[in-house]
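Asker: Got a structure here, written out as structure tokens. Questions coming.
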Amino acid sequence: MADWFSKISKVFRKNGEFTLGIYGSPNAGKTTLANRICLDWLGREAGAVSPIPHETRKANVVEHLEMNYNGKCLRMNVVDMPGISSKIDYRVFQKHGLSSEEAIERAKEATRGVIEAIEWLDNVDLALTIFDTTKVPFDQVNLVILGNLRAKNIPNIIVANKIDLPKSRPKLVYDSFPDHKSVAISALTGENIEELYKLIIESH
């Protein structure tokens, strides 16, 4: 699998494109954001959104996206990563109506997805780390993601998502990680999404 990642990474860079990886915990809004970006710049969505955790269990690559902002054009490949989780319990899926067999298989797929998302770090040029601002940001999953990105010297933007919700606390994200580049948005409504595009362009 590592060889496959290496090969497609070389192809992306040869074409003058860079790879944007979208990371975060399950249901933080990764696919919603990927869909927003792809709709804005490609006219189509990237993948399906579901309230069931770990709906994205394999990295979803959308190639040849061109982002134009303030006179600058950036060609990229967007990768919607499987959700990162420190614990995957098949019983969680049963609560969403899956049978025991389906839940166990979903848990296995989700575990493989976490491994794949980590492996993709070797080929990501810029990461967007999605935080659900209705939850406490200083948790194990977020720290693991940020720690891995720092260890590999991958530029990162913290995306404080879901500011359209009443319990959203984006300031808590800023205060918890003041040394990181951050932006507060709603991937669902598109609120403040232009500021994110500006940071993506500036980070390249």
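The values are calculated or read from the model by the stated rules, or taken from the named source; none is laboratory data. Owing to the predicted nature of the structure, the values given are computational and were not obtained by experimental measurement. Note that each Cβ is placed from the backbone with ideal geometry, even for glycine, and that neighbours are counted across all protein chains shown.
Asker: How many of the residues in region 121-139 are of a type in the set (Asp, Glu), over 21 Å from ASP175 (Cβ atoms) and within 15 Å of the chain's Cα centre (by Cα)? Give the derivation first.
Answerer: Quick first cut of region 121-139, residues of a type in the set (Asp, Glu) only: 122, 125, 132, 139.
Applying the additional criterion that residues be over 21 Å from ASP175 (Cβ atoms) yields 122, 125.
Now drop any that are not within 15 Å of the chain's Cα centre (by Cα), which leaves 125.
Summing the residues that are of a type in the set (Asp, Glu), over 21 Å from ASP175 (Cβ atoms) and within 15 Å of the chain's Cα centre (by Cα) in region 121-139 gives 1.
Asker: A follow-up question, please. Just to check your reading of the model, which residue among PRO137, PRO166, PRO178 is closer than 15 Å to SER25 by Cα, at pLDDT 85 or above and not in a strand (DSSP E or B)?
Answerer: Values: PRO166 fails: closer than 15 Å to SER25 by Cα; PRO178 fails: closer than 15 Å to SER25 by Cα.
Among PRO137, PRO166, PRO178, only PRO137 is closer than 15 Å to SER25 by Cα, at pLDDT 85 or above and not in a strand (DSSP E or B).
Asker: So, one more: Of the conditions (1) surrounded by 17 or more Cβ atoms within 10 Å (Cβ to Cβ); (2) of a type in the set (Val, Ile, Thr); (3) closer than 17 Å to ALA34 by Cβ, THR133 satisfies every one except a single condition; which number is it?
Answerer: (3)
Asker: Which of the residues spanning region 184-204 are outside any helix (DSSP H, G or I) and under 17 Å from GLY29 (Cα atoms)?
Answerer: Here is the first cut: in region 184-204, the ones outside any helix (DSSP H, G or I) are 184-192, 204.
The answer is ALA184, ILE185, SER186, ALA187, LEU188, THR189, GLY190, GLU191, ASN192.
Asker: Test ILE185 against the criterion of being under 15 Å from the mean Cα position of the chain (by Cα), crowded, with 20+ Cβ neighbours inside 10 Å, within 23 Å of ILE201 (Cβ to Cβ) and of a type in the set (Val, Ile, Thr), and give yes or no.
Answerer: Numbers: under 15 Å from the mean Cα position of the chain (by Cα): yes; crowded, with 20+ Cβ neighbours inside 10 Å: yes; within 23 Å of ILE201 (Cβ to Cβ): yes; of a type in the set (Val, Ile, Thr): yes.
Against the criterion (under 15 Å from the mean Cα position of the chain (by Cα), crowded, with 20+ Cβ neighbours inside 10 Å, within 23 Å of ILE201 (Cβ to Cβ) and of a type in the set (Val, Ile, Thr)), ILE185 qualifies.
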